[in-house]
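The values are calculated or read from the model by the stated rules, or taken from the named source; none is laboratory data. In this text, all values refer to a predicted model and were calculated from it rather than measured experimentally. All Cβ positions, even for glycine, are placed from backbone atoms using ideal geometry, and neighbour counts span all protein chains on display. Note: accessible area is taken over every heavy atom of the protein model, side chains too, but ligands, DNA and RNA are not part of it. Shrake-Rupley method; radii C 1.70, N 1.55, O 1.52, S 1.80 Å.
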Amino acid sequence: MTLVRTIKISFKALSRNKMRSFLTALGIIIGVGAVIAMISIGEGAKVDIQSRFASMGTNLLFVRPGSQSFRGRHGGGGTYQNLKEADAEAILERCDAVKYISPSVNTRAQVIYQNKNWNTSIYGTGDKYPLIRNWTIDEGEYFTESQVKTAQKVCVLGAEVNKNLFEGGYSVGQIIRIKKIPFRVIGILKTKGEAGGWFNQDDVIAVPYTTAQRRLVGRTDRISSIDVSAVTAERTQEAMDQIKEVLRIQHKIAPGAEDDFNVRNMSDIAESAAESTKILTILLGGIASISLLVGGIGIMNIMLVSVTERIREIGIRMSIGAKERDILLQFLIEAIVLSLMGGFLGIGLGVGGSALISHFSPMTTLVSIGSIVLAFLFAASVGVFFGFYPARKASKLDPIDALRYE
Amino acid sequence: MDNNNTLIQLEDLTKIYQVGETEVKALNGVSYNIHQGDILAIMGPSGSGKSTLMNIIGCLDKPTSGRYLLDGKEVSTYNKNQLAEIRNKKIGFVFQNFNLLARTTTLENTELPLLYSDISSKKTKEYAMKALELVGLQGREMHKTNQISGGEKQRVAIARALVNNPSLILADEPTGNLDTKTGDEIMDVFVDLNKKQGITVILVTHDQEVARIAQKKIFLRDGLIERLNGDRQ
């Protein structure tokens, strides 16, 4: 008997018991659907985090002071205020893999405009900061090199700050007060969205770092960190090495001694954040796979019942010339057809489910072709694995006993 | 009579079943020849071994010893798959309880043996329609088996037995579940097929009425042929 005929016979047998076939396949439908939907949540979270970090700039490097060590006792990272403007200038001059630098002096402050006030992050930056951080100016402009050199009291508002102080209106040219010092608004930043939820990139005010040093922080000789962009994303590592070399000379660190600064790049930070979502994906996928396994056991259960119920039919088929192989194939194909149909419907459920999740919840979901193929193959092998035992049992029946079976 | 048209040769067949510790001898050395175009009735009380003999002739079972030649081939040495093929090509079964597939049309039931052979799907339908016509069921092809009467069911079973043009039809109490009138009609179908198509029919029965249409009869008792009737051997 040809395979096509066997498949036809299996379909007929299944369609004679539509409700039971559907309920049997339901285990696989839910299993495959759950696997695809769960993996899409994990993958979505990963892509989400990566794209948020990418929006900050993949060729971005941070130079921060290292931990202070006093008589063998280490403080935390950044406890050492040892970065100077001269360090930043040396990096820009001597590292050819570095494109832009921006010394940073950051603080928080209360800002006031007329009867409104707001507490926000103040970024004291250099004039190249928008180029390093992929910031786009919506209205007005960023401060220039000369405004930085002369420590002008000018500022650029983040979209969130502009919303809170000016109700999102045009604020360029207005005067706001930061720590009671008047600053002229010269630009508004375009909104960037929240980065991973722990801080809002739009809730900032940028001022020249020199102004921040003199007017807001009160230390004119130190800077808190240096933001650097490499020439290209590929040369990020090279830039890191060059910066380390230059700073060791600047800080007169003896060979073999520890660095008193840290250089980190954005893609490292993004990767470690994405890494944590991998565990989430595995966990969710693993839980969903269990339901697929349970679905497979359901198929085996129904197939065993079906074999017992159809012993007479098997006897008839054998008496008119069905070979062992024909019976084995018929029941095996029934199981495979059940699980494949379950697989197809499950893909629909999974894709639809993940679309619903991303529509009705803040989670991003991403259905990958890989997860569909994986779930589908898993469903098919569940069919083969759990269908084989009942099919073999059917094929080993003795035709005389089977015909006599009541 | 010469042996040219001998269809079946049974030589000293025995069949011993192992039931727990004890051996049960169902056949005790049966020798008999069946010719092409015969209607043979195998008779005997229950436990006489007639079912066992039918199962062996029908290639559903193998003898413990002795030889069984069908069309000159020693099928008693065949394996399970070879026997399945012989059943498919040379033998048609008609059972007391019809043994049709439930919730399936008469046409599909009739086609069933052809599905296990290498005949094309187009021919399959053609042959099945022809077989249904031979048993007088034309126009009932699309009826499901639960929508037709007992007599019609048995006709479908005969059509199914006929469809692959077998050498013999084995009927096990074919009228056992039918009333007398319907039973007679079914017997007429057998006689008709035998006369017009020259098909060999073997009836297994304990009903004298059924056996009446047979030209030859063998009576079994305790696994042995007790007497022959109307045989020229």
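Observations
- Residues (surrounded by 21 or more Cβ atoms within 10 Å (Cβ to Cβ) and in contact with a Lys or Arg (Cβ under 8 Å, 6 or more places away or on another chain)) located in the stretch A:80-96: A:LEU83
- Of all residues assigned to the stretch A:324-343, at least one qualifies as being charged (D, E, K, R), open to solvent by 20 Å² or more (accessible area, probe 1.4 Å) and within 12 Å of another protein chain (Cβ to nearest Cβ).
- Selected residue [exposed (fewer than 15 other Cβ atoms within 10 Å of the Cβ), in contact with a Lys or Arg (Cβ under 8 Å, 6 or more places away or on another chain) and among the hydrophobic types (A, V, I, L, M, F, W, C)] from B:LEU220, B:LEU168, B:LEU228, B:LEU132: B:LEU228
- The stretch A:1-11 - residue that is among the hydroxyl-bearing types (Ser, Thr, Tyr) and part of a helix (DSSP H, G or I) and, of those, nearest to the other protein chains (Cβ to nearest Cβ): A:THR6
- Restricting attention to the stretch B:75-100 and to residues that are open to solvent by 10 Å² or more (accessible area, probe 1.4 Å) and of a type in the set (S, T, N, Q), the residue that is farthest from the other protein chains (Cβ to nearest Cβ) turns out to be B:THR77.
- The stretch B:117-150: number of residues that are at pLDDT below 90 and within 11 Å of chain A (Cβ to nearest Cβ): 5
- Of all positions in the stretch A:367-385, at least one carries a residue that is more than 14 Å from every other protein chain (Cβ to nearest Cβ) and outside any helix (DSSP H, G or I).
- Of all residues making up the stretch A:320-366, the number that are of a type in the set (Ser, Thr, Tyr) and assigned to a helix (DSSP H, G or I): 3
- Subset of the stretch A:305-323 that is open to solvent by 50 Å² or more (accessible area, probe 1.4 Å) and away from chain B (no Cβ under 12 Å) - its residue that is farthest from the chain's Cα centre (by Cα): A:THR308
- The test for being in contact (Cβ under 8 Å) with a residue 24 or more places away in the chain and in a helix (DSSP H, G or I) does not hold for B:ARG140.
- Residue check for A:ILE347: surrounded by 15 or more Cβ atoms within 10 Å (Cβ to Cβ), of a type in the set (A, V, I, L, M, F, W, C), farther than 19 Å from A:LYS18 by Cβ and within 13 Å of another protein chain (Cβ to nearest Cβ): no
To keep it simple, each residue is scored yes or no on (1) of a type in the set (Ser, Thr, Tyr); (2) over 10 Å from A:ILE36 (Cα atoms); (3) over 46 Å from the mean Cα position of the chain (by Cα); (4) in the same structural domain as A:ILE39 (by TED's automatic domain parsing).
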{"residue": "A:GLY353", "(1), (2), (3), (4)": "no, no, no, yes"}
{"residue": "A:ILE357", "(1), (2), (3), (4)": "no, yes, no, yes"}
{"residue": "A:VAL373", "(1), (2), (3), (4)": "no, no, no, yes"}
{"residue": "A:PHE376", "(1), (2), (3), (4)": "no, no, no, yes"}
{"residue": "A:ALA379", "(1), (2), (3), (4)": "no, yes, no, yes"}
{"residue": "A:LYS396", "(1), (2), (3), (4)": "no, yes, yes, yes"}
{"residue": "A:ILE400", "(1), (2), (3), (4)": "no, yes, yes, yes"}
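- For the stretch A:293-300, the condition holds for no residue, the condition being that it is in a helix (DSSP H, G or I) and free of Cβ contacts under 8 Å to residues at least 40 places away in the same chain.
- The set of residues from the stretch B:172-192 being within 18 Å of B:ILE8 (Cβ to Cβ) and not aromatic (Phe, Trp, Tyr) comprises just one member, B:ASP172.
- Of the numbered criteria (1) open to solvent by 50 Å² or more (accessible area, probe 1.4 Å); (2) within 30 Å of A:GLN81 (Cα to Cα), the one A:GLN114 fails is (2).
- When the stretch A:247-294 is filtered for residues that are open to solvent by 70 Å² or more (accessible area, probe 1.4 Å) and under 30 Å from A:LEU338 (Cβ atoms), the ones remaining, listed by number, are A:ILE282, A:LEU283, A:ILE287, A:ILE290, A:LEU293, A:VAL294.
- Looking at B:ASN146, B:ASN194, B:ASN164, B:ASN177, just one residue is touching a Pro at 6+ places or on another chain (Cβ under 8 Å) and not acidic (Asp, Glu), and that residue is B:ASN164.
- Residues being within 23 Å of A:THR150 (Cβ to Cβ) and either in contact with a Lys or Arg (Cβ under 8 Å, 6 or more places away or on another chain) or among the polar types (S, T, N, Q) (or both) - total across the stretch A:106-126: 6
- B:ASP184 meets the conditions (1) out of contact with any Asp or Glu (no Cβ under 9 Å at 6 or more places or on another chain); (2) free of Cβ contacts under 8 Å to residues at least 40 places away in the same chain; (3) surrounded by fewer than 20 Cβ atoms within 10 Å (Cβ to Cβ) in every case but one. The failed one is (1).
- In the stretch A:46-57, the count of residues that are surrounded by 18 or more Cβ atoms within 10 Å (Cβ to Cβ) and modelled with pLDDT of 85 or more is zero.
- Among (1) within 14 Å of chain A (Cβ to nearest Cβ); (2) closer than 20 Å to B:GLN197 by Cβ; (3) open to solvent by 20 Å² or more (accessible area, probe 1.4 Å), the one test that B:ARG103 misses: (2)
- Looking across the stretch A:123-149, the residues that are open to solvent by 30 Å² or more (accessible area, probe 1.4 Å), over 35 Å from the mean Cα position of the chain (by Cα) and either in contact (Cβ under 8 Å) with a residue 40 or more places away in the chain or at positive phi (or both) come down to A:GLN147, A:LYS149.
- Residue in the stretch A:12-45 that is nearest to the other protein chains (Cβ to nearest Cβ), counting only those that are exposed (fewer than 15 other Cβ atoms within 10 Å of the Cβ) and touching a helix residue (DSSP H, G or I) at 6+ places or on another chain (Cβ under 9 Å): A:LYS12
- Condition met for A:ARG317 (among the basic types (Lys, Arg), in contact (Cβ under 8 Å) with a residue 60 or more places away in the chain and under 30 Å from B:SER167 (Cα atoms)): no
- In this structure, B:VAL163 qualifies as under 21 Å from B:GLN96 (Cα atoms) and touching a Leu at 6+ places or on another chain (Cβ under 7 Å).
- Pairs with Cβ under 7 Å, 6+ apart, first in the stretch B:15-26 and at pLDDT 90 or above, second surrounded by fewer than 10 Cβ atoms within 10 Å (Cβ to Cβ): none
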